[in-house]
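J.: Can you keep this structure in mind? I'll have questions shortly.
Throughout, read-outs are computed from the coordinates displayed, never taken from laboratory work. In this text, all values refer to a predicted model and were calculated from it rather than measured experimentally. Methodologically, a virtual Cβ is constructed for each residue, glycine included, from the backbone with ideal geometry; neighbour enumeration extends over all protein chains shown.
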Amino acid sequence: MHHNSQDYLLAIWELIESYGSANEKGVSERLGISLPSAWEGIHRLEKERQLRIVNKGLVFTRKGYLNARKVTHAHRITEYFAYSFLEVPWDEVHNSVMNLEHDFPDKLLSILYRKMGLPPYCPHGNPIDPDRKMVEVSALDAKEGKYYFVRPVLEKYGFLKQLLNTGSTPGKVVKLEREERRLYLVGENGEIRIPAELERTVRLGPLSKGRIGQVVPAIKGSTLFTNNLGSYLLNFNESQN
């Protein structure tokens with residue numbers, strides 16, 4: 001499958017949003033391509049001055065950040081459109097719009113977004129404004145207990161299908177359980193083990209006190225994730241110049 005620069009930008013944005021960093025191996029796995037192919041695409045972005053390769057991995061330049069933000073915004077709008085109006089299944093919509101999102105002119109996409117009522121989130125709970133701050137904690141950093149399921153930042157088909165089947169979708173109450181080094185998410189229809197590589201990408205939100213008969217579980221270190229990727233990337237780049 002051929003991937004254009006927009007696919008690379010989206011993949012790198014999602015990886016940084018998920019893990020705080022991105023590298024060529026992550027891009028390779030995210031796009032389902034070989035490592036040499038991933039390197040080729042990454043170096044193309046570097047030549048276009050959209051990306052810098054540093055010791056910590058891949059970092060957007062200002063130009064790359066703005067383009068990646070635009071691509072991510074378009075992707076999540078088309079996901080909402082495909083799910084809400086074309087009735088594409090929740091677990092399939094991410095892959096279904098990978099080509100569709102490139103076909104909408106900016107003006108048409110803006111009109112479509114307004115006509116749909118300016119929804120704040122894609123069907124998976126990821127913010128359509130990619131810079132929107134999210135109060136959430138990763139499953140990896142959360143203590144056992146009940147939470148609202150906020151979102152799976154990395155939208156992987158197989159894992160999405162498992163989440164859907166167990167009723168672990170945005171806005172639903174789920175229970176996080178730990179067994180040795182394994183994490184389990186218990187939804188209204190069953191239990192799912194969170195793959196180790198996705199533990200940081202599953203985001204949970206606190207329940208209101210007394211909402212379901214218990215106090216919200218404490219967050220390890222009392223630290224919540226906030227989605228402020230743009231500021232992080234721009235500040236990092238400015239410090240490197």
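J.: Excluding residues on the same chain fewer than 8 positions from K56, give the aspartates and glutamates whose Cα lies under 13 Å from its Cα.
T.: E24
J.: Report the gain in length on full extension from K133 to N55: 0.36 nm times residue separation, minus Cα-Cα distance, nm rounded to one decimal.
T.: 25.4 nm
J.: So the label point goes 7 Å from the Cα of E29 along Cα→C-beta, right? Which residues of region 150-169 then have their backbone N under 16 Å from it?
T.: Under cut-off, by backbone N: 153-160.
J.: Filter the chymotrypsin sites (Phe, Trp or Tyr not before Pro) in region 38-119 down to the DSSP loop ones having no more than 13 other Cβ atoms within 10 Å, then list what survives.
T.: Sites meeting the loop and neighbour criteria: F85.
J.: Which FRET efficiency, nearest 0.05, do K107 and E180 yield, Cβ-Cβ r, R0 45 Å?
T.: 0.25
J.: Using each residue's phi in region 146-156, evaluate 6.51 cos²θ - 1.76 cosθ + 1.60 at θ = phi - 60° and report the 3J(HN,Hα) Karplus result to the nearest Hz, with x for Gly and Pro.
T.: After applying 6.51 cos²θ - 1.76 cosθ + 1.60, I find 9, 9, 7, 7, 8, 5, x, 4, 8, 8, 9 Hz.
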